[in-house]
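Presented below is the structure to which this report refers.
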């Protein structure tokens, strides 16, 4: 079992008995298209949950609308299939009023970045104790294949027969820009990596945003093949590990360095001369600048040079804690409030008809 | 719970399922393909593409094929989680239940 260093996680009651993956499977028949990447993510989450050792009754999965948002049905925990884009808002209410709950949000690229874009960025800047899993398949799957806020420019779909005109969001860049204290990216089919990232997210006190590249095999099949094909992946995937020099490519022959002229990041061939210039990944850096620069390395069209792993993990005050502290102070100064008296009070208006 | 590959696959090994599996959990044995049950994510992509209808959800295995219920699990005893079939050598031996299937007649 994970050694839970996160003080906030210690507010959640522990399971009485040892759990297994089976304990987290509900009795509902899983209904995604055969071959959907969501199955792999569900299996990884169900496989990881016993490690946390939390009482199932104190775990909640809140989703919005979309294929991924069917997730809560399949978890044998509490859950809510909520309003389009509004899962972060509902989860914020839960997390702040019930600190004995472990609250997870499951959302997609459309739900989180289009319909619920505002809710997402405000949850991130507030640093509410939520774990947000953003399934990014770069398409609207539930509505049968329209381009999404993460689709590449020129995406030909039924709604954009001549190609989409929108520049896509990069969810990791967006989250870092929205002051997120934890931002990571992983891939549906890489169960080991996905589980490592889930572990890091669960242990983080505050909002954790995990972007999961997820294949929609019906409407956007192969969107992430460049990162999944073993041979290609060597050249395309940059695995970020805190404290480690950032190298990738066949035989780790390429490295990420800072360009002295522009201050931006660049990819160079790893030579003895470059050795001292190779960037060492610091996920805990106070400034988000380098994490942001890393998030910009990937080519949005080819996905070449895509970093995966934890980009940023820093501790800063958590909204739930600040709110609880403020309530304590208010109680101390003013005594416990009386909602009933407030509602039935005499500060009323009569509207003339 | 997982999908399993039953008798119709024996000595056929069409491999259409290998292309479909999103988590690369279908491994090749000498006479049959095998699904690693702990790597399988129950997505069902393999089932409709099998030309000989050899893939079944574990619970839906017909009575006459029940001997295959545990073959896919047992063949991985000692191999653990190989972590993906691509780049993995074919399994050295089949499960006993497959060995028991008569070889196709050559006449």
For A:164, B:105, what ranking results if the residue with the fewest other Cβ atoms within 10 Å of its Cβ goes first? B:105, A:164
For the stretch B:11-84 and the stretch A:210-281, what is the separation of their Cα centres, given in Å? 34
Please give the peptides A:141-150, A:109-118, A:91-100 ranked by average Cβ packing (other Cβ atoms within 10 Å per residue), highest first, as a rough proxy for protection. A:109-118, A:141-150, A:91-100
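Mind checking the full-extension length gain between residue A:274 and residue A:230? Use 0.36 nm per residue of separation minus the Cα-Cα distance, one decimal, nm. Write down the numbers at each step before the final one.
Numbers: separation 44, 0.36 × 44 = 15.84 nm, distance 2.69 nm.
Full-extension gain reported as 13.2 nm.
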Mind giving me the nanometre distance, one decimal, between the label points for residue A:289 and residue B:66, set 7 Å out from Cα along Cα→Cβ? 7.0
At 0.36 nm per residue, minus the direct Cα-Cα distance, what do residue A:338 and residue A:17 gain on full extension? Give it in nm, one decimal, please. 111.6 nm
Report, for chain A, the % of DSSP beta bridges that are antiparallel, rounded to 5. 35
Sorted by Cβ density within 10 Å, fewest first, the residues A:32, A:349: A:349, A:32
Expressed to two decimals, the stretch A:37-98 has a Cα Rg over Rh, using the Kirkwood radius, of 0.97
To the nearest 10 degrees, how steeply does helix A:87-97 sit against the main Cα axis of chain A, on a 0 to 90 scale? 50
Calculate the mean, over all residues of peptide B:33-43, of how many other protein chain Cβ atoms lie within 10 angstrom of the residue's Cβ. 4
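When ranked by the protection proxy of mean other Cβ atoms within 10 Å per residue, highest first, what sequence do the peptides A:17-23, A:219-225 form?
Result, highest mean first: A:219-225, A:17-23.
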Give me the percent relative contact order of chain A, please, defined on Cα pairs under 8 angstrom at least 6 residues apart. 15
May I have the pair-distance distribution P(r) for the stretch A:19-152, computed from all Cα-Cα distances with 5 Å bins from 0 and rounded to whole percent? 2, 11, 21, 23, 20, 14, 7, 2, 0
Any chance you could give the angle, 0 to 90 degrees and rounded to 10, that helix A:319-334 forms with the longest Cα principal axis of chain A? 20
Gain in length, residue B:86 to residue B:11, computed as 0.36 nm per residue apart minus the alpha-carbon separation, to one decimal in nm? 24.9 nm
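What does the convex hull of the Cα atoms of chain A come to per residue, in Å³, rounded to a whole number?
That works out to 208 Å³ per residue.
Give the calculated FRET efficiency between residue A:158 and residue A:179 to the nearest 0.05, with a Förster radius of 45 Å applied to their Cβ-Cβ distance.
Details: r = 37 Å, r/R0 = 0.81.
About 0.80, to the nearest 0.05.
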Mean-position separation - Cα centroids, the stretch A:284-330 and the stretch A:116-171, in angstrom: 19
Rank by packing, highest mean first: peptides A:130-140, A:153-163, with packing defined as the count of other Cβ atoms within 10 Å averaged across residues. A:130-140, A:153-163
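In which sequence would A:211, A:234 go, from the one with the fewest C-beta neighbours within 10 Å to the one with the most?
So the residues, fewest neighbours to most, are A:234, A:211.
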In degrees between 0 and 90, to the nearest 10, how far off the longest principal axis of chain A does helix A:37-52 point, with axes built from Cα atoms? 60
Tell me the Kirkwood hydrodynamic radius of the stretch A:204-353 in angstroms, computed as one over the mean inverse distance between distinct C-alpha pairs. 19.7
Just to be sure I follow: if Rg is taken over the C-alpha atoms of the stretch B:3-85 and Rh is the Kirkwood radius over the same atoms, what is Rg/Rh? 0.91
Using only DSSP helix segments of four residues or longer, with each worth -39500 (n - 2.57), what per-residue ellipticity at 222 nm results for chain A after dividing by its residue count and rounding to 500? -8000 deg cm²/dmol
Mean projected area (nm²) from the convex hull of Cα positions in the stretch A:132-284 is 11.0
Starting from the 7 Å offset along Cα-to-Cβ, what nm value, one decimal, do you get for the label separation of residue A:346 and residue A:192? 7.3
Residue by residue through A:26-35, how many Cβ atoms from other chains fall within 10 Å of the Cβ on average? 3
Would you mind calculating the relative contact order of the stretch B:3-85 from Cα pairs under 8 angstrom and at least 6 residues apart, reporting the percent as a whole number? 41
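Each value in this text was obtained by applying a stated rule to the coordinates, not by laboratory testing. Everything quoted here is computed from the prediction, not taken from an experiment. For neighbour counting, all protein chains shown are included, and Cβ atoms are generated from backbone atoms with ideal geometry for every residue, glycine included.
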